[in-house]
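Since the structure comes first, as structure tokens, the remarks are kept for the end.
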């Protein structure tokens, strides 16, 4: 599942999503006052009569405040004494410090508005793209239904991933022994794939959940 933020350059995003012609691409928009992490999609494409097109682009509204609260609560989880992990435990590769600064770039504060308390998320630094990507990836995972997957399905995905990694390692080309021209082509192709993952996926954990977030 791929989620793309339609809150900026909205029409360009709709055009791109429309061109994909895939049910695994979702245009999303974050809202603060939602009581659900992922709301039902609404149709945004209309015909010349002003009627909504059934197979047109749909917009998914995401309860960003709710998902941010979940993410921050998950970050507090610790590995159990027996080596097991609690629900929601977050596994991270060796990301640099900037990644985690962006992930924790906001805090939940309470303001008094017209005599009533109102809670909202406030940025503590300029860069928070990591947190945004994490929120949208989590929303895509919810839309995909990963919260309802059984342990057996997770086990199957783990085994499938391990098998694919093994085949890739066995069939990997040794560019150091290849001719100069061939080596250059292979290296370039590898760089493109790696760059795409870093820009589109944003988080290895959400890749495990078959979820991709693109911002």
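The values are calculated or read from the model by the stated rules, or taken from the named source; none is laboratory data. Since the structure is predicted, the reported quantities are computational estimates derived from the model, not experimental observations. Don't worry about glycine lacking a Cβ; one is built from the backbone with ideal geometry, like all the others, and counts go over all protein chains shown.
Odds and ends about this structure:
- Pairs are defined by a Cβ separation below 7 Å, a sequence spacing of at least 6 or placement on different chains, a first member in the range 74-90 that is without any contact (Cβ under 8 Å) to a residue 24 or more places away in the chain and on the phi > 0 side of the Ramachandran plot, and a second member that is surrounded by 10 or more Cβ atoms within 10 Å (Cβ to Cβ) and in a loop (DSSP other than H, G, I, E, B); the pairs so defined are 88/77.
- Residue match in the range 121-134 (condition: more than 21 Å from residue 89 (Cβ to Cβ), in a strand (DSSP E or B) and in contact with a helix residue (DSSP H, G or I) (Cβ under 7 Å, 6 or more places away or on another chain)): yes
- Any hit, the range 134-147, residues being over 22 Å from residue 26 (Cβ atoms) and either modelled with pLDDT under 60 or surrounded by 11 or more Cβ atoms within 10 Å (Cβ to Cβ) (or both): no
- Failed criterion for residue 93 (all others in (1) buried (at least 16 other Cβ atoms within 10 Å of the Cβ); (2) farther than 22 Å from residue 143 by Cβ; (3) touching a residue at least 60 places away in the same chain (Cβ under 8 Å) hold): (1)
Okay, residues lined up against (1) within 19 Å of residue 145 (Cα to Cα); (2) in contact with a strand residue (DSSP E or B) (Cβ under 9 Å, 6 or more places away or on another chain):
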{"position": "10", "(1), (2)": "no, yes"}
{"position": "32", "(1), (2)": "no, yes"}
{"position": "35", "(1), (2)": "yes, yes"}
{"position": "79", "(1), (2)": "no, no"}
{"position": "82", "(1), (2)": "no, no"}
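- Enumeration of residues in the range 36-48 that are closer than 19 Å to residue 137 by Cα and surrounded by 11 or more Cβ atoms within 10 Å (Cβ to Cβ): 36, 37, 38, 39, 41
Yes/no matrix, rows are residues, columns are (1) more than 18 Å from the chain's Cα centre (by Cα); (2) free of Cβ contacts under 8 Å to residues at least 40 places away in the same chain:
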position: 17; (1), (2): no, no
position: 23; (1), (2): no, yes
position: 47; (1), (2): yes, yes
position: 55; (1), (2): yes, yes
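- Only residues that are in a loop (DSSP other than H, G, I, E, B) and over 18 Å from the mean Cα position of the chain (by Cα) were counted in the range 95-107, giving 1.
- Qualifying residue in the range 80-88 (condition: in contact with a helix residue (DSSP H, G or I) (Cβ under 7 Å, 6 or more places away or on another chain), surrounded by 13 or more Cβ atoms within 10 Å (Cβ to Cβ) and under 19 Å from residue 137 (Cα atoms)): no
This table checks each residue for (1) surrounded by 15 or more Cβ atoms within 10 Å (Cβ to Cβ); (2) modelled with pLDDT of 90 or more; (3) in a loop (DSSP other than H, G, I, E, B).
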{"position": "17", "(1), (2), (3)": "yes, yes, no"}
{"position": "22", "(1), (2), (3)": "no, no, yes"}
{"position": "34", "(1), (2), (3)": "yes, no, yes"}
{"position": "50", "(1), (2), (3)": "no, no, yes"}
{"position": "56", "(1), (2), (3)": "no, no, yes"}
{"position": "61", "(1), (2), (3)": "yes, yes, no"}
{"position": "68", "(1), (2), (3)": "yes, yes, no"}
